[in-house]
Amino acid sequence: MVKTRRRGYGILLLTTLVLIGLMLVALSLGRYQLSLSELIATLTGQTSVSPVIHNIVFSLRLPRILAAAAIGAALAISGTAYQSIFQNPLVSPDLLGVSNGAAVGAALAILLGWHTVGTQILAFALGLIAVLFSVGIPRLIHQSSTLALVLAGIVISGLMQAILGLLKYLADPESQLQDIVYWQLGSLAKVNLNSLGAVLPLLIVGMVILLIMRWRLTVLALGNQVAFAQGINVRLERGLVILSATMLTASAVCLSGTIGWIGLIVPHMARIIIGENTKWSLPLSGLIGAIFLLVVDTLARTLSAGEIPLSILTGFIGTPIFIAILLSKKVAL
């Protein structure tokens, strides 16, 4: 037990140090590259730093890097929670329609001519509304099984996709349609300290709740009968986990747009490294998710003169990783 705990804390510490190191590297990379001495001088507030470099680091790169780490961690943690609570290794954070609902909200805001903050608010609201419908359908038909909830999520996701298609059809193809498509592909280009500060408290609250409940998730993943035998209120705690994971996903999506693969493959990577116990795999998923999206976003803004949408890169990177996981037979289907 002591050896397992020591190994778990060692892996988490090492991953945290890797994340911090990559954040420093990401701060120095871009169209205007910074040397290590310039970066240290800027971060320590030395007066010799030029205003241009100070603005690049604190106004452009730092908010984006913090957002990438927070969103990557949120999507990975919510994916781990969903896979545990639904006992399905192929579940992703948008299972209950939150991503499609958020996309409808963002598209509607773009059609109404709202600015970035309004788009984020409407995307967050429609994402939560979609999940409320998904949760409400099983109650309406007096079904409390996990399968009924999953099927309701599929139905609502299909409905949201249809609404999104209608909004695309109504959008101006010269301007609005391009904005909607670009938002769906995911980007952190418009993130600043204000938009990050508005969403960050929700991300922190959702992550803290799931981290506190990670011991319970291990028991809930064993099935309802085992959980009941351990004195767990399955309905209450499953609802709290779903609510927290949904809030994480909605908060992340409203800030960055739709980003695929992170919530699906990162939980598997964490379990391969540290084991099935969510006491360790949940926080490790958050750290790996933060590293994954940080690397992807850094590539997105440095590989070419134009910004590459994040979902394109996560798809190209995530697909071979998931195939490798399947070939290694580490996923029980």
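In terms of packing, defined here as the mean over residues of other Cβ atoms within 10 angstrom, the peptides 201-209, 135-143 line up highest first as 201-209, 135-143. A Förster radius of 56 Å combined with the Cβ-Cβ distance from Ile141 to Ser50 puts the calculated FRET efficiency at roughly 0.30. With the highest mean first, a sort of the peptides 305-311, 73-79 on other beta-carbon atoms found within 10 angstrom per residue produces 73-79, 305-311. For semi-axes √(5λ) of the Cα gyration tensor in Å, which listed value, (i) 32, 24, 24; (ii) 35, 23, 17; (iii) 32, 27, 17, comes from the coordinates shown? It is the value labelled (iii). Heavy-atom accessible surface of the chain, averaged per residue, reaches 48 Å², computed with a 1.4 Å probe. Our estimate of slack between Ser175 and Ile317, defined as 0.36 nm per intervening residue step minus the Cα-Cα distance, is 48.2 nm. Placing a label point 7 Å from the Cα of Ile273 along the Cα-to-Cβ direction, the residues of region 55-90 whose backbone N falls under 18 Å of that point are 68-81.
Sequence-distant contacts, meaning Cα pairs under 8 Å at least 6 residues apart, place the relative contact order of region 31-185 at 21 percent. In this simple spin-label approximation, Leu327 and Leu159 carry label points 7 Å from Cα along the Cα→Cβ vector, and these lie 4.2 nm apart. For region 87-163, the Kirkwood hydrodynamic radius from C-alpha pairs, put into Stokes-Einstein at 37 °C and a viscosity of 0.692 mPa s, yields a diffusion coefficient of 257 µm² per second. Given axes a ≥ b ≥ c from the Cα gyration tensor, I'd like to know whether region 1-153 is rounded (a/c under 1.5), prolate (a/b larger than b/c) or oblate. Since a/c reaches 1.5 but b/c is at least a/b, the shape of region 1-153 is classed as oblate. Remark: region 196-208, residue by residue, has Karplus-estimated 3J(HN,Hα) of 5, x, 6, 9, 4, x, 5, 5, 5, 4, x, 5, 5 Hz, where x stands for each Gly or Pro and the curve is 6.51 cos²θ - 1.76 cosθ + 1.60 at θ = phi - 60°. The GNM of the chain, with springs linking C-alpha atoms under 10 angstrom apart, assigns the highest mean-square fluctuation among Leu255, Leu293, Leu303 to Leu303.
Evaluated over the chain, the count of Lys pairs having alpha-carbon atoms less than 29 Å apart is 6 (only pairs 8 or more residues apart or interchain).
The relative contact order of the chain comes to 29 percent, based on Cα pairs under 8 Å that sit 6 or more residues apart. Given R0 = 25 Å, the distance between the Cβ atoms of Leu236 and Leu200 translates into a calculated FRET efficiency of 0.40. With all protein chains in place and a 1.4 Å probe, the accessible surface of region 179-258 carries 66 percent carbon and sulfur. The length gained by stretching the chain between Tyr9 and Phe228 to full extension, at 0.36 nm per residue less their Cα-Cα distance, is 75.8 nm. Between Leu151 and Val25, the simple spin-label model (points 7 angstrom out along Cα→Cβ) gives 4.8 nm. State whether region 216-277 is rounded, prolate or oblate according to the following rule on the C-alpha gyration tensor (a ≥ b ≥ c being the square roots of its eigenvalues): a/c under 1.5 gives rounded; otherwise a/b larger than b/c gives prolate, and the remaining case gives oblate. The shape class here is oblate.
The values are calculated or read from the model by the stated rules, or taken from the named source; none is laboratory data. Since this is a predicted model, take the numbers as computed values, not measurements. A quick note on method: Cβ atoms are made from the backbone with ideal geometry, for glycine too, and the neighbour counts reach across all protein chains shown. Side chains are part of the model used for accessible areas, which takes the heavy atoms of the whole protein and leaves out ligands, DNA and RNA. Shrake-Rupley method; radii C 1.70, N 1.55, O 1.52, S 1.80 Å.
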